[in-house]
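So the structure is just underneath, and the comments pick up after that.
What follows draws every value from the coordinates through simple rules; no lab data is involved. This one's a predicted model, so the numbers in the text were calculated from it and none came from an experiment. Note that we place each Cβ from the backbone using ideal geometry, even for glycine, and neighbour counts take in every protein chain shown.
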Amino acid sequence: MISVAHLPALNATLNAVSLVLLLVGRRFIGRGNVPAHKRCMVSAFVVSIVFLISYLAHHWLGGETKFGGMGWVRPAYFVLLASHVLLAAIVPILASRTLYLGLKGRFEVHRWWARITFPIWVYVSATGIIVYFLLFRLYTPLKG
């Protein structure tokens with residue numbers, strides 16, 4: 001059984017899985033392997049949905065965790081966190097639209113959206129992992 005205390009590590013793992021699927025999926029489409037690209041991107045989307053459920057459960061059940069770092073890392077952490085949160089808020093919209101267009105075979109428009117969605121989604125997945133390590137592993141979190 002997984003406890004609330006395990007959810008941050010699960011969330012970081014889900015972010016890492018999503019990141020790998022996105023990068024591998026991009027590589028597949030670059031090589032013209034559309035079926036493998038589709039499998040990776042749909043999987044990344046599903047993993048991201050599971051992440052969102054786990055993330056919301058953690059914040060609903062686990063309360064607030066405050067960053068424990070001091071000095072120069074503190075403002076750097078909050079700048080990173082702010083960019084992560086702002087972009088994470090639009091990823092579900094962008095990813096849903098891009099995936100929908102790809103699944104409907106509207107490839108020209110899909111490619112246009114993917115050029116916007118892909119770098120933002122990759123950034124959000126990668127910074128999610130960094131935020132986890134800063135908040136829970138490198139510095140002792142403060143309970144709030």
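Being surrounded by fewer than 17 Cβ atoms within 10 Å (Cβ to Cβ) and outside any loop (DSSP other than H, G, I, E, B) is a property that does not hold for residue 121.
Report yes if residue 81 is part of a helix (DSSP H, G or I) and surrounded by 13 or more Cβ atoms within 10 Å (Cβ to Cβ), otherwise no. Give the steps one after another, and end with the answer.
Working: part of a helix (DSSP H, G or I): yes; surrounded by 13 or more Cβ atoms within 10 Å (Cβ to Cβ): yes.
Yes, satisfied.
Suppose we filter the stretch 16-43 for residues that are β-branched (Val, Ile, Thr) and surrounded by fewer than 16 Cβ atoms within 10 Å (Cβ to Cβ); how many remain?
Restricting attention to the stretch 16-43, the residues satisfying the condition of being β-branched (Val, Ile, Thr) are 17, 20, 24, 29, 34, 42.
If we keep only those that are surrounded by fewer than 16 Cβ atoms within 10 Å (Cβ to Cβ) too, we end up with 20, 34, 42.
Residues flagged as β-branched (Val, Ile, Thr) and surrounded by fewer than 16 Cβ atoms within 10 Å (Cβ to Cβ) within the stretch 16-43 amount to 3.
If I filter the stretch 1-15 down to residues being free of Cβ contacts under 8 Å to residues at least 40 places away in the same chain and not β-branched (Val, Ile, Thr), which single residue comes out as surrounded by the fewest Cβ atoms within 10 Å (Cβ to Cβ)? Looking at residues that are free of Cβ contacts under 8 Å to residues at least 40 places away in the same chain and not β-branched (Val, Ile, Thr), I get 1. When 24, 47 are screened for being over 16 Å from residue 128 (Cα atoms) and within 17 Å of the chain's Cα centre (by Cα), only 24 passes.
Residue-wise test of (1) surrounded by fewer than 16 Cβ atoms within 10 Å (Cβ to Cβ); (2) without any contact (Cβ under 8 Å) to a residue 60 or more places away in the chain; (3) part of a helix (DSSP H, G or I); (4) of a type in the set (S, T, N, Q).
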| site | (1), (2), (3), (4) |
| --- | --- |
| 88 | no, yes, yes, no |
| 100 | yes, yes, yes, no |
| 105 | yes, yes, no, no |
| 108 | yes, yes, yes, no |
| 130 | no, yes, yes, no |
| 133 | yes, no, yes, no |
| 137 | yes, yes, yes, no |
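In the stretch 68-76, is there at least one residue being touching a Lys or Arg at 6+ places or on another chain (Cβ under 9 Å), free of Cβ contacts under 8 Å to residues at least 40 places away in the same chain and surrounded by fewer than 16 Cβ atoms within 10 Å (Cβ to Cβ)? No, because not a single residue in the stretch 68-76 is touching a Lys or Arg at 6+ places or on another chain (Cβ under 9 Å), free of Cβ contacts under 8 Å to residues at least 40 places away in the same chain and surrounded by fewer than 16 Cβ atoms within 10 Å (Cβ to Cβ). Quick check: anything in the stretch 119-126 touching an Asp or Glu at 6+ places or on another chain (Cβ under 9 Å) and within 26 Å of residue 2 (Cα to Cα)? No; the residues of the stretch 119-126 include none that is touching an Asp or Glu at 6+ places or on another chain (Cβ under 9 Å) and within 26 Å of residue 2 (Cα to Cα).
Any idea how many residues of the stretch 44-64 are surrounded by fewer than 16 Cβ atoms within 10 Å (Cβ to Cβ) and more than 24 Å from residue 105 (Cα to Cα)? Walk me through how you get there before you give the answer.
Step one: of the stretch 44-64, the residues surrounded by fewer than 16 Cβ atoms within 10 Å (Cβ to Cβ) are 46, 49-50, 52-53, 56-57, 59-64.
Subsequent filtering for residues that are more than 24 Å from residue 105 (Cα to Cα) retains 50, 52-53, 56-57, 59-64.
Residues that pass the stated criteria total 11.
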